[in-house]
1. Residues with beta-carbon under 13 Å from that of residue B:204, excluding residue B:204: net charge, scoring Lys, Arg +1 and Asp, Glu -1?
2. Kirkwood hydrodynamic radius, computed over distinct alpha-carbon pairs, for segment B:11-52: how many Å, to one decimal?
3. Could you tell me how far the Cα centroid of segment B:17-48 sits from the Cα centroid of segment B:182-209, in Å?
4. Sum up the charges of everything whose Cβ sits under 12 Å from the Cβ of residue B:111, counting Lys and Arg as +1 and Asp and Glu as -1, but leave residue B:111 out.
5. With N denoting the number of residues in segment A:1-76, provide Rg(C-alpha) divided by 2.2 N^0.38 Å, to two decimal places.
6. Are there any chymotrypsin sites (Phe, Trp or Tyr not before Pro) in segment A:183-216 that are in a DSSP loop and have at most 16 other Cβ atoms within 10 Å? List them by number.
7. Assuming R0 = 51 Å, can you tell me the calculated FRET efficiency for the pair residue A:267 and residue B:118, based on Cβ-Cβ distance, to the nearest 0.05?
8. Can you work out ³J(HN,Hα) from phi for every residue in segment B:184-193, in order, using Karplus 6.51 cos²θ - 1.76 cosθ + 1.60 and θ = phi - 60°, giving whole Hz and x for Gly and Pro?
Amino acid sequence: MKGNEALAEAAIRAGADAYFGYPITPQSEVIEYLMANKPEDRTGMVVLQAESEIAAINMVYGAAGCGKKAMTSSSSPGMSLKQEGISYIAGAELPCLLVNVVRGGPGLGTIQPSQSDYFQSVKGGGHGDYKLIVLAPATVQESVDYVKLGFELAFKYRNPVMIQSDGIIGQMMEKVELFEQMPRVEPNYEWATLGKKTDQPATFITSLQLQAEEQEKVNHRLQAKYREIEKNEVMFEKINCDDAEYLFTAFGSCARITRKAMEMARAKGIKVGLLRPQTLYPFPVDEFNKLADQVKGILCVEMNAGQMVEDVRLSVNGKTRVEHFGRYGGMIPNPDEILNALEQKIIGG
Amino acid sequence: MSENLIKPENLVYQKTEALTDRVMHYCPGCGHGTAHRILAEVIQEMGIMDQTIGVAPVGCSVLAYYYFNVDMQEAAHGRAPAVATGIKRVFPEKFVFTYQGDGDLAAIGTAETIHAINRGENILIVFVNNGIYGMTGGQMAPTTLVGMKSSTSPFGRDTKTMGSPLKITELIAQLPGAYFVTRQAVHKPGNVRKAKKAIRKALEYQKLDKGTCFVEIVSNCPSNWKMTPVQSNKWMEENMFPYYPLGDIKVPEDN
Amino acid sequence: MAKRGDVVIDIEKCKGCEVCVSVCPQEVLALAPEVNKKGYHYAVKVNSDCTGCTNCAIVCPDAVITVYREK
């Protein structure tokens, strides 16, 4: 199945209650698939094409505030528009699933794949101190699995979860194994607006605290939650790391190309491994730190001008050399140039 | 003599349970309080306090969720109709309302307002129009009258550079999704009674899944108009009502 | 003859906006020379001509007036 379509099917099967979206290349297949496959008939899931990305994310806010499994998807320029709503959702501590099928920027940029929204997804995007849980699939299968996982994490932590995909993953066809249809669940959460219960105070959803003391308390609570997420939810894949003298790191589609470069390097006798973060937040800080004691250098390969590399450097804290190789603006690196970069920047550098 | 009248059996009017006991932060004489109260009264009288979900805006009524004794969500500025859409689509059987001011509904939230109504979302939109941004200290609103002074139109609204006051209610009344559209006021007993009836009608229509009902309440802003409440109500009658005439703008054809 | 009525005003919640005073057909209400804890001159009864018409309560933005009327 095509990545975007598989993700849409996974949303129906995950028992999602509502999808609100707005068309943008290269992710429009998500809403097209949903509209064509009548989830309303299959599970009762609501699908609505909003008038804008701004409206879509605020519809998610409304539905999520009712304790429902709500989601939206978009691509980079559309994700920028959603940032206001995402900040409110994070502040009001609502669970929801966001999907960003990243394309090249800045501005209108290009419709070609990119990873240049790493900072936006991982470091905030909207205003205020908040974090999204960010999942980075490298395969269509992971796109499917992360929909289910994403909703689980969103409700576990009452926090927005983002699947950061890109134009390659969204558009490519791969074999996938779909999980069985899960039932939609009638929400029964204390925090949700379900209608006021007699003899109980009304519930309200808000991200506003006019008193600074109260707003600081909210922030303390959020930070404590983020520490908990960092402790429990880090995911990564390690390949050929046991004997590695050098390390590649890359996420998403770029990790697949980098893996090929790793195989080429191994064939030449260069002992290089690959560490692929599957969660961009929480970041595998400890794993990088451990490997930094072992390897002589790390090459971070990204389809951007150097974003995740900053987190890698913070993680190893100067223990080993960390360099970046990137193609951007919609360009995709090839394994030859990645291997070349390893030899030039790390081994020969 | 009069004290013996104060007995439960003689009670003819008291604060509705659909309002909390919190003292509202609104300035003395502000129409928001009355608008809140009549909406709350209708909710109580219809017996739907447990089935109602409200959406508060950004503006003076940003804290409305402290005052309505029903479940509420606080929306980002202008986004209340989108938030209400999200709620109503997943809970079609609940009663959903937004409560929005003129800046929220007719400036930053114009797209959300028009499109929610154009989809005929089965919600009630209460629109309080006092022609000014109250919370931020009296800046010009989309509905500020021509020549009216505000902190960002200190020499009066000049239509050449600032545009004309927006009659958003007439505009949205043209949309097929708008089922019942009316403009009311809450400064005098007769107006309050009419406005309350309009809100009642709107929520009854919602029960029948008729589409969007839109109740504008032309109101005052004594603090930012720099008048006493009583003066502001008079000024409103003399200046606001000629431009924003009271009455039904769209009534259901099948009635 | 009109029925007799009475009002009870929650003076600590009253903000002295005077809107009730202006709509009372019997001129029962006025602002007190004293102020409440928030510093507002609150509404008070100045005569016993109340008919329990509820006009004052209906326009009160702060819902501080309770009205009684003889049956």
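1. Working: positive: B:196, B:197, B:200, B:201, B:207, B:210; negative: B:45, B:209.
Every neighbour counted, the sum reads +4.
2. Numbers: mean 1/r = 0.0895 Å⁻¹.
Answer for segment B:11-52: a Kirkwood hydrodynamic radius of 11.2 Å.
3. If you average the Cα positions of each part, the centres end up 14 Å apart.
4. Values: positive: B:79; negative: A:51, A:53, B:112.
With Lys, Arg at +1 and Asp, Glu at -1, the net is -2.
5. Details: Rg = 11.3 Å, N = 76, 2.2 N^0.38 = 11.4 Å.
For segment A:1-76, the normalised Cα radius of gyration is 0.99.
6. Details: sites: A:189, A:191, A:204; in loops: A:189, A:191.
Sites meeting the loop and neighbour criteria: A:189, A:191.
7. With a Förster radius of 51 Å, E is 0.25.
8. 10, 9, 9, 9, 10, x, x, 5, 4, 4
Rule-based calculations on the coordinates, nothing more; no lab input. Keep in mind the model is a prediction, meaning the values are calculated, not measured. Glycine also receives a Cβ, built like all others from the backbone with ideal geometry; neighbour counts cover every protein chain displayed.
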